1. Does Glu52 satisfy the condition of being under 10 Å from the mean Cα position of the chain (by Cα) and among the charged types (D, E, K, R)?
2. Which members of region 9-24 meet the condition of being free of Cβ contacts under 8 Å to residues at least 40 places away in the same chain and not charged (D, E, K, R)?
3. Here are some conditions: (1) surrounded by fewer than 18 Cβ atoms within 10 Å (Cβ to Cβ); (2) touching a Lys or Arg at 6+ places or on another chain (Cβ under 7 Å); (3) not hydrophobic (A, V, I, L, M, F, W, C). Gly53 meets all but one. Which one does it not meet?
Amino acid sequence: MDKSALRVLIQLKLNDGRLPNNSIPRVWGGPGHGETCLACDEIVLQGQLLMEGISFDASSGVHFHVQCFYLWDTLRKAEGHQASGPA
């Protein structure tokens, strides 16, 4: 997915609540094992780096490609997004 389409998709998901607007308190990375990226809905393949964390309410794990994580983190901090839980 190209970067401009990814930006639009992440923005839509932030706006409708499919992606959290708050920070993820603890994030770690490692190799992908077929997880679905929360941002782009594509599979994180072996050989790709996975960013993983637990949502603020500890109800679910979140998985991102590195590029998707970085873009999500940048957009969620942008003016106009209200946190969906503790910062």
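Every number in this text was worked out from the coordinates using simple rules, so none of it is lab data. Everything quoted here is computed from the prediction, not taken from an experiment. Here Cβ is always computed from backbone atoms with ideal geometry, including for glycine, and neighbour counts include all displayed protein chains.
1. Yes; evaluated as a whole, the condition is true for this residue.
2. Result: Leu9, Leu12, Asn15, Ile24.
3. (1)
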